[in-house]
Amino acid sequence: MTTAPSIEPAIELKGISKAFGPVQANKDISIRVMPGTIHGIIGENGAGKSTLMSILYGFYKADKGEIFISGKKTQIPDSQAAIAAGIGMVFQHFKLVENFSVLENIILGAEDGPMLRPSLAKARQSLTDLAAEYGLDVDPDAIVENLSVGHQQRVEILKALYRQADILILDEPTGVLTPAEADQLFRILNRLREEGKTIILITHKLREIMDTTDTVSVMRRGEMTATVKTSETSPAGLAELMVGRKVLLQVDKTPAKPGATVLEVENLRVTDEKGVERLKGISLEVKAGEILGIAGVAGNGQSELLEVLGGIASGTGIIRINGEDIDVSGKFSDGQSRRARGIAHVPEDRQREGLIMDYMAWENTAFGYHRDPAYQSGIFMNNAAIRKDTEEKMERFDVRPPNPKLSAKNFSGGNQQKIVLAREIERNPDLLLIGQPTRGVDIGAIEFIHQQIVSLRDQGKAILLVSVELDEIFALSDRIAVMFDGQIMGVRDPSKTDEKELGLMMAGVVEEEAA
Amino acid sequence: MEKMPAWADAVLVPLISLLLAAILSALVILGIGEDPVAAVKMMVSGSLGSTYGWGYTLYYATNFMFTGLAVSVAFHARMFNIGGEGQAMLGGLGVAVICLYMPWPHWSLALIFATLSSAVFGAAWAFLPAYLQAKRGSHIVITTIMFNFIAAALLNYLLVNVMRPAGAMDPATAKFPEATHLPTLHDMLAPFGIAFSKAAPANVSLLVAMLACVAVYFLIWRTRLGYEIRAFGHSESGAKYAGISPVKITVIAMLISGGLAGMMAINNVMGESERLIMNSTEGAGFIGIAVALMGRSHPLGVFLAAILFGFLYQGGAELALWTSIPRELIVVIQALVILFTGALDNMVRIPLEKLFLMFRKGDA
């Protein structure tokens, strides 16, 4: 895109500041987004991206600063004003009424009068037009909950376009998409750009920025550290701008030296409370000294797999640890007995499962191991011993601040994860179950966490890694299993496969393995 | 970063809430044409101005300590035990059974067994709601409220048809034997040369209640069970991950809670009326909720809040007795205190947190 200097920017923010109590979420941020471009905003969690967009969409009021839309100074006190100014937002978590049809969702809040029929007819017409114009095909009468995630996202985009949005903000749009769906999304975004729409793409994935944006702004700790042309930068350069120091994007690891089989799973089935079968006969094995990565779009049974292995959920089938059968029914086992078997579990959701957010760091260090005799003293818990243990673990895992008396909720995502990792890894387990190890973790800590996982493998431990980030799966895994709809679609050698093949498998398509 | 220092959370918030309740109460008293200053004087002198007043204040406080602790323990497991009233009634039955049907050589032995028995009866009354909650998901608030009614009906039946001595007119058991009468504060303080009112009902149960406060503190913050109860209360999914059984913790926490509520009976049944009568609990089970809320479910807070509510109860009774302020207004004042300290907690807390944040920003 070439932009003549005479063109007014679609959005211009001047000196935006916003504080929440003592936390300065946005500091004096200025940014110009030119019309007809895709502008990326990248930054770590907590860098202030979402706050900035919430100000633009009228959810928060900036303490200081001005907003110009197409050169006109604009006040955006609420989302109604944002919509009126031509701004549409596609949230990370969709705001759709699941049991409404696509049409009903689209007119929701934009009905023309008390009777629905004329609005629905009008929406149907404009939906047809929009579909033709931007290649956004969706069946207007489909019920939203029956649509795939990718299509639901299209409905969100259509909602914004129906409201005459010229500026689209997308917040982490690919988090829930398969690679193929993500590609489709980016094709749509390109089409929208060609038609003159302006797009702001918020993401923490460097690759998406490099592939799709024209310009990229980097945020760090509430400040806009740089705005550069995408063509003039590189992933490593952006990572450095995000973190403020050089970052290793590749994990250094030697080829695996797999030993004896530690975990064997045969025909594992899990049915959830609603009677839906979530795992449909999983079989896999993990050997000592290797990392088995489970790739897949969120919600295809990976969580249930971790839970049943970790003793949280029950199921049927066979689980063997070091050749011995363990209880799958949940009647004779729980998280405690799994730990006694040498299974450590870093859960996917550390805030709901892995940690008690209101517990202090030292209380969390005992969590799950609180029946360990070393932590007892008569009928009481030996709190002093736990605190000392915590101090040592915090030092070895570089948890900051190294204060055992701070509540878990007061640590950053990366440091929370380090508390969990320290607790689980230092137990010297035979098998480590680890889900989404770096979700919500800043890039600096990702490096450290990946190193810890690889070094545990090098000590001859078996590791089962579940991640929805394909990059992470590729970086860490020695073998990759792809899950779709509660089943394993296949196991691949990471050096002999690529994103395209895995992406197809994640969508349920299996190609014959090349002989 | 914590939003405000712990002392402000524990002391300042309840004090300001109390002050607001007091101001509103004063306005109400003014509204009916009475003098709020004189009313306060009357309340203070009536409840704290004499050993007689103190004796009543502490007697009520003892009840509230037990029920407040009961609600607190359940709160730590994120359960709302509204059944303290019914559990305390059943505790009374436990005391009566021990005192009436067994011979006791000395009150101290009788006290120990009555305490155990009341706890067992109270816990048993909490068991079914706990079990239904844990296994069937029946909401504990609903079931415990219903169990209050069942307890009242059961006691009514037993007192009228089974335990009432032949020929007696009122639905109550016979007087407990002399050997089970507990020493009052008058009896206990006399050897130290302190003249405490003979008529006041405060008795040795106060010490048991204080011991219970200490025991609950250690239980919640020092034992593994307390650790598991709190973990479960903060996050059920977290508890499952750690291998803490939600069913087990729900039942155990409610048994402890019911047991504590039941133990109240050693004060009102064994210590004061010395027989089991209808409605002996006088709503103490419900006051326990307010006490636990105000005391932040911490035993020390419960102890202090219980004394405050003891003061309100005794002061209110005096007010009703000696002034033309109607009895209903006393209930209004007590309700205001409960409203402000319990229900409207955030009304004070959130502005206060903002204030502290502003000051901190000023420092930075």
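The values are calculated or read from the model by the stated rules, or taken from the named source; none is laboratory data. On a predicted model such as this, the values are computed, not experimentally measured, just so you know. FYI the Cβ positions are ideal-geometry reconstructions off the backbone, even for glycines, and counts take in every protein chain you see. The accessibility values were calculated without ligands, DNA or RNA, using every heavy atom of the protein model including side chains. Shrake-Rupley method; radii C 1.70, N 1.55, O 1.52, S 1.80 Å.
Observations on the model:
- Within the assembled protein chains, the solvent-accessible surface assigned to B:Thr143 is about 20 Å², based on a 1.4 Å probe.
- Building the convex hull from the alpha-carbon atoms of region A:11-243 and averaging its projection over directions returns 12.7 nm².
- For A:His93, the accessible area of its heavy atoms, probed at 1.4 Å with every protein chain present, is near 140 square angstrom.
- Sulfur and carbon atoms: percent of accessible area, region A:261-506 [1.4 Å]: 47 percent
- Per residue accessible area in Å² of chain B, where ligands, DNA and RNA are left out and the probe is 1.4 Å: 43 Å²
- Here each label is just a point 7 Å from Cα along the line to Cβ, and for A:Ala374 and A:Asp325 those points are 3.3 nm apart.
- Figure note: A:His345, B:His76, A:His151 ranked by solvent-accessible area, largest first, 1.4 Å probe, ligands and nucleic acids not counted: A:His151, B:His76, A:His345.
- Over all pairs of different C-alpha atoms, chain A has a mean inverse distance whose reciprocal, the Kirkwood radius, equals 24.9 Å.
- Equivalent ellipsoid dimensions for chain B as semi-axes, Å, which come from the Cα gyration tensor, largest first: 33, 29, 19
- Relative intensity, log₁₀ I(q)/I(0), of region B:32-82 from a Debye sum that treats every alpha carbon as a point, q = 0.12 Å⁻¹: -0.47
- Between A and B, roughly 2400 Å² of accessible area is buried in total, ligands, DNA and RNA not counted and the probe set to 1.4 Å.
- The H on the amide N of A:Gly281, modeled in the peptide plane, is under 5 Å from the matching H of A:Leu268, A:Arg269, A:Val270, each at least 5 residues off or on a different chain.
- Computed over region A:380-436, relative contact order equals 28 percent, with contacts defined as Cα pairs under 8 Å that lie 6+ residues apart.
- In this simple spin-label approximation, B:Leu132 and A:Ala298 carry label points 7 Å from Cα along the Cα→Cβ vector, and these lie 3.8 nm apart.
- Restraint check, A:Lys27/B:Lys240; A:Lys409/B:Lys240; A:Lys274/A:Lys331; A:Lys253/B:Lys240, Cα-Cα greater than 31 Å: A:Lys27/B:Lys240; A:Lys253/B:Lys240
- Pairs of Cα atoms nearer than 8 Å and 6+ residues apart set the relative contact order; for region A:57-203 it is 28 percent.
- Ranked by the mean number of other Cβ atoms within 10 Å of their residues, highest first, the peptides A:125-131, A:218-224 come out as A:218-224, A:125-131.
- Seen against the Cα atoms of chain A and their longest principal axis, helix A:116-134 is set at about 80 degrees.
- Shape class for region A:329-418, computed from the alpha carbon gyration tensor (a ≥ b ≥ c): oblate, with a/c not under 1.5 and a/b at or below b/c.
- Evaluated at q = 0.17 Å⁻¹: base-10 log I(q)/I(0), Debye formula over Cα of region A:261-506: -1.31
- Annotation: aspartates and glutamates with alpha-carbon distance below 13 angstrom to A:Lys72 (same-chain offsets under eight excluded): A:Glu8, A:Glu12.
- Counting only other chain Cβ atoms within 10 Å of each residue's Cβ, the peptide A:348-360 averages 4.
- In Å², nearest 10: area of B:Asp170 left accessible to a 1.4 Å probe: 70 Å²
- Close amide-amide hydrogen proximity is noted between A:Ile41 and A:Leu201, A:Ile202, A:Thr203, A:Ser217, each under 5 Å apart and 5 or more residues distant or on a separate chain (H modeled in the peptide plane; Pro and chain starts excluded).
- Reach of A:Lys388 by Cα under 18 Å, taken over aspartates and glutamates that are not fewer than 8 positions away in the same chain: A:Glu363, A:Asp372, A:Asp398, A:Glu424, A:Glu426
- Global form of the protein assembly as shown, assessed from the alpha-carbon gyration tensor, a/c cut-off 1.5: prolate
- Taken one residue at a time, the phi angles of region A:154-159 give Karplus couplings (6.51, -1.76, 1.60, θ = phi - 60°) of 4, 4, 4, 5, 4, 4 Hz. Gly and Pro are set to x.
- For chain A, averaging the sequence separation of C-alpha pairs within contact (under 8 Å, six or more residues apart) and dividing by the residue count gives a relative contact order of 15 percent.
- Debye log10 I(q)/I(0) at q = 0.16, 0.22, 0.26 Å⁻¹ for region A:383-469, Cα point scatterers: -0.63, -1.13, -1.40
- Positive contributions from Lys and Arg (+1) and negative ones from Asp and Glu (-1), summed over other residues with Cβ under 15 Å from the Cβ of A:Lys72, come out at -1.
- Ignoring aspartates and glutamates fewer than eight residues from B:Lys41 along the same chain, the ones with Cα atoms less than 18 angstrom from its Cα are B:Glu318.
- Per residue accessible area of chain A, 1.4 Å probe, in Å²: 44 Å²
- In nm, spacing of pseudo-spin labels at A:Asn146 and B:Ile32 (7 Å Cα→C-beta vector): 6.5 nm
- Residue-count net charge about A:Arg371 - beta-carbon cut-off 10 Å; Lys, Arg +1, Asp, Glu -1: 0
- Members of A:Lys18/A:Lys73; A:Lys205/A:Lys246; A:Lys64/B:Lys354; A:Lys95/B:Lys135; A:Lys287/A:Lys496 lying beyond 24 Å, as alpha-carbon distances in this model show: A:Lys95/B:Lys135
- Cα gyration tensor, region B:159-285 - rounded (a/c under 1.5), prolate or oblate: oblate
- Accessible-area order (highest first, 1.4 angstrom probe) of the listed residues A:Asp442, A:Asp78: A:Asp78, A:Asp442
- With contributions of -39500 (n - 2.57) from each DSSP H run of at least four residues, the per-residue ellipticity at 222 nm computed over the protein assembly as shown stands at -14500 deg cm²/dmol.
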